[in-house]
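Here it is, the structure, as structure tokens.
Values in this text are rule-based calculations from the coordinates and carry no lab data. Keep in mind it's a predicted model, so treat the numbers as computed, not measured. FYI the Cβ positions are ideal-geometry reconstructions off the backbone, even for glycines, and counts take in every protein chain you see.
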Amino acid sequence: MPKKNKTKEQLSAELQSLRKQFNDFLDELPDALLEVDVGQGLTHMNRQTQRLFGYTAKDVADGIEIPQLFGQNEYDRAVKIINSYIAESQKRKTKYTPSQKQKLYEFVMRRKDGSLFHAETQTSFVLDGKGVPTGLRTIIRNITERKLAEAASHDLSQIMNSSPDFIFKSRIDNFKFTKVNKTACDYYGYSQEEFSKMRIFDIEVAPPLKEQVRKLYDTTPVGNVIEVFGTNKKKNGDTFPVHVRFLKLDEEFALANVRDITEQKMAEEELKKAKESAEAVNIELIQSNEALQREIIERKNLESQLVQAQKLESIGQLAAGIAHEINTPIQYVGDNTRFLNVAFGRIKTVLDKSSELINAAKEDAVTEKLITEVESVIEDTKMEYMLEEIPMSIDETLGGVERVATIVRAMKEFSHPGTGEKTLTDINRALENTITVARNEWKYVAELVKDFEPALPLVPCLPGELNQVFLNIIVNAAQAIADVVQDGSEGKGIIKVSTSSAGDWVEIKISDSGTGIPEEARSKVFDAFFTTKEVGKGTGQGLAIANNVVVKKHGGSLNFETEIGQGTMFVIRLPIKAPNN
């Protein structure tokens, strides 16, 4: 039995209902959307546009001048782009369609309060029933955070290129290099273009290193680091010993931090000879004061060189971990961006079909079939799911960008060279930056608890050297806990960092739930070259440097409390007023 034709009043009511649903839908879009009529100016702003620009529905009703939405000179540029596009279409005699749109353009936009932000825009024509443009519909996306993320990525590249070590990024499937820092290019003698055609094994000499790399790629979990020693060769054929830290970033890429340890090997050999000489010395050599003085001077010079080398290696050792910390949030920023791209396509489908319905309504040509098609498109695009997931994706993306920015800021402040003069320093902030920079060292084995005095007085100090002290103690704490919990699968240990003030002193406590320091080692903790760690995990310089910085350079004190099986706490006391010397 044929259906009854709907009355004009029924069609009008349904159209009004669809129009309200359409406007409600526009208000729920994650992006800002506005419409401009040729004769009436700005005619519509969805809720996101009002929030983004700071305007209200009343402002829109009262009238908003289009130029005031743009930064300086940006409105004129936008008009030129639209005019050139119209002129080109007229020249080609192409017909306008509702889906016809321009490519993406970036502008600096202005909010109601005068503040500026970066935006990405895409504009399409609003057509009348005859296909003639009567206005514009523009989608505006705030890309300020993306601009910040791009700047953060640029800062990371600068950090890599300023590293004294050689940094290589390579693919896992074919071992080819994808990025090499300038330090490596200069030292090995290859250009970036030459490196892009090479594999890891092209610069290696020792076969055992090849097997170590294959083991890393095949069996090491993402985020884990493996350390190996081998021999590399330059373009001119020269070979040199290297210490390599491989980090598996994900299933596609790995990062290698390579250090030429020629001088270290020479120093170790010299140290070995010096120790052998000391063991062989007899009573006659001891009585020879002149010869003994020469040996003491030589050993002090050697110690000084090794101390300096230990300072320089810190950033290089942490580079791979920092790259991993940045890579993780960047990954889910990318995933969410791809999801939003798909969501935009579905939303566009609904908009296009809705425009078709509106145009039909204007011509009084709405059919049951067209209404059914619109309802079907809305259902097929799963708009309810989209409207629920899109805000969460945006929140996750913003969180990822903020995490990257936090890491980069901490790295820049931690590695700042300073002036060589003592400056008033916020110890809480210095500790925060050091904890962030060292996060990859402790996060797998420990939970880190902070208890900072909020109004801690500023301390006159050498911030770069104190950062090194904090870093050495925190890394030692993580390694001590790792000896207890191994890989953390059975639970994690605790690192606690606290600050307080009393009288003319500021006190910093760093404690761990590690193994504790053996009784026989406690009197040697601050001795240079003394370490209880395995070969390759420590040179015995960290706490010797820390003691020298705190006591001799700052007039403070560095002590510790320890208990076997319970852990260790280091206590640093610094004067609030700089000593006269």
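Past 32 Å, Cα to Cα: identify those pairs from LYS524/LYS577; LYS234/LYS524; LYS265/LYS577, in the order given.
In this structure, LYS234/LYS524; LYS265/LYS577 lie more than 32 Å apart at Cα.
What percentages make up the Cα-Cα pair-distance distribution of the stretch 31-142 when the bins are 10 Å wide from 0?
Per 10 Å bin, starting at zero, the Cα-Cα P(r) for the stretch 31-142 comes out as 13, 47, 32, 8, 0 percent.
Distance check, please: which entries in LYS169/LYS443; LYS182/LYS553; LYS496/LYS553 exceed 29 angstrom between their Cα atoms?
As for pairs spanning more than 29 Å Cα to Cα, those are LYS182/LYS553.
Still on this structure, I have one more. Over all pairs of distinct alpha carbons, what does the Kirkwood formula give as the hydrodynamic radius of the stretch 416-575, in Å?
Hydrodynamic radius (Kirkwood, Cα only) of the stretch 416-575 equals 16.0 Å.
So for LYS524, LYS496, fewest C-beta neighbours within 10 Å to most, what's the order?
Fewest-to-most Cβ neighbours within 10 Å comes out as LYS524, LYS496.
Name the residues whose placed amide hydrogens come within less than 5 Å of the amide hydrogen of THR425, ignoring near sequence neighbours (fewer than 5 apart) on the same chain.
VAL459, CYS461
Fully extended, how many nm does the chain gain between GLN158 and LYS422 (0.36 nm per residue separation, minus their Cα-Cα distance)?
92.4 nm is the gain from fully extending GLN158 to LYS422.
Shifting gears a bit: With a point put 7 Å past each Cα toward its Cβ, work out how far ARG214 is from GLU447 in nm, to one decimal.
4.3
Around THR134, which amide H atoms from residues at least 5 apart in sequence, or from another chain, sit under 5 Å from its own amide H, with H modelled in the peptide plane?
Sorted by chain and number, the residues that satisfy this are VAL126, LEU127, ASP128.
Could you sort 109-121, 179-191 so that the peptide with the highest average Cβ count within 10 Å comes first and the rest follow in order?
179-191, 109-121
Would you calculate the separation in nanometres between label points at LYS369 and LEU387, each defined as 7 Å from the Cα along the Cα-to-beta-carbon direction?
Calculated label separation equals 2.9 nm.
Please order VAL445, VAL36, VAL374, VAL205 by the number of other Cβ within 10 Å, starting at the fewest.
VAL205, VAL36, VAL374, VAL445
Of the listed peptides 236-248, 337-349, what is their order by residue-averaged count of other C-beta atoms within 10 Å, with the highest listed first?
Peptide ranking by packing, descending: 236-248, 337-349.
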